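For reference, the structure is listed below as C-alpha cells.
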Amino acid sequence: MDPVKRDIMEATYKAVSEHGYGDLTIQHIADEFENSKTLIYYHYDGRDELLVDFLDYVLQQFLANLPDSTQSPRRELETLVDTLLPPTVEEETYHIMLAMFELRVNAPHDEDCREQYLVVDNELKSLLQDILSRGVKAGVFEDITPAVEAELFLSLLIGTRARRLTVYHPDESIELLKEAIQTHIDRITASSE
C-alpha cells in the first residue's frame, strides 16, 4: 500500500476507535492524520470512498492474522474460533468491530462494501472447508460434508460476532456462546480422537 494511504488508514483506525462509524467525519480522520486534510481529499472523494478502502485494509489485516495449518485440524478450528471470538474485547477493539459490523449492515446498499465482505466470507469459508477436509481425511472429524459444515461454522461465527456487538457489552464475556460452538466441534469430532 502507498505510504500516504497507509497513514490515512492508520488515522482512520484511530478516528473510528474514538468516534465510531456513524459519527465519523473526514475532519475526525484529519485530526489523527499528520498531513493536511487536503491530502486526504487528494486520495479520496469523500468519507464513503475512504471507508471502503479502510474496510479492505482492516479485512486484509484480519485475514493475515488467521491461524495457519501447523496444528491439528481440531486445534486449528478451535484457534480460529478463539481468534474471531475472544471472550472479552477492549474498548478500542470493540469500536473497530462495531464499525466493521455497521459497514456489513450497509453492504446491501453499497456494492463496494458488499464485494469486500464477499471476499472475506469466501476466504473464511475456504479456510474452514480446508480445516474440516483435512480433519475428515486424518480421522479427526466424523464423516461430515466439509462444504456444508464450513457454511454452518461461518454462520455461527458471524452470528456470534453480531450478537456480541448488539447485545453484549465489550467487557462482558461471551463464553457461553463459545461453549455452544465448542459443543458442535465436540459433536463432529471422531470418537477415536
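For an R0 of 22 angstrom, estimate the FRET efficiency from the Cβ-Cβ distance between E49 and E18 and round to the nearest 0.05. Display every interim value, and only then the final one.
Numbers: r = 21 Å, r/R0 = 0.95.
The calculated FRET efficiency here is 0.55.
To put it simply, the accessible area of the chain at a 1.4 Å probe is 48 percent carbon and sulfur.
So for the stretch 1-122, what are the equivalent ellipsoid semi-axes in whole Å, largest first, each being the square root of 5 times an eigenvalue of the Cα gyration tensor?
Numbers: eigenvalues 158, 47, 42 Å².
Values for the stretch 1-122, descending: 28, 15, 14 Å.
Amide H contacts for F141 (H built 1.01 Å from N in the peptide plane; partners 5 or more residues away or on another chain; cut-off under 5 Å): V136, A190. Rolling a 1.4 angstrom probe over the protein heavy atoms with all chains in place gives the chain an accessible area of 53 Å² per residue.
In this simple spin-label approximation, V148 and E123 carry label points 7 Å from Cα along the Cα→Cβ vector, and these lie 2.9 nm apart. When we measure straight from the Cα of K14, which aspartates and glutamates land under 13 angstrom away, once same-chain ones fewer than 8 places off are left out? Here the aspartates and glutamates satisfying the reach criterion relative to K14 are D31, E32, E34, E91, E92. Contact order for the chain, expressed relative to its length and based on alpha carbon pairs under 8 Å spaced 6+ residues apart, stands at 23 percent.
Within the same chain, aspartates and glutamates fewer than 8 places from K178 are excluded, and of the rest, those with a Cα less than 16 Å from its Cα are E76, E78, D82, D186.
Using Cα pairs closer than 8 Å and at least 6 residues apart in sequence, work out the relative contact order for the stretch 96-193, in percent. Spell out each step's value before the answer.
On the way: 56 pairs, mean separation 27.4, N = 98.
In percent, rounded to a whole number, it is 28.
By the rule of a C-alpha distance below 22 Å, with chain neighbours fewer than 8 residues away ignored, the lysines paired with K137 are K125. Full extension of the chain between E115 and V4 yields a length gain of 37.5 nm, computed as 0.36 nm times the residue separation minus the alpha carbon distance.
The values are calculated or read from the model by the stated rules, or taken from the named source; none is laboratory data. This is a predicted model, so every value here is computed, not measured. Don't worry about glycine lacking a Cβ; one is built from the backbone with ideal geometry, like all the others, and counts go over all protein chains shown. Note: areas computed on protein heavy atoms with side chains; ligands, DNA, RNA excluded. Shrake-Rupley method; radii C 1.70, N 1.55, O 1.52, S 1.80 Å.
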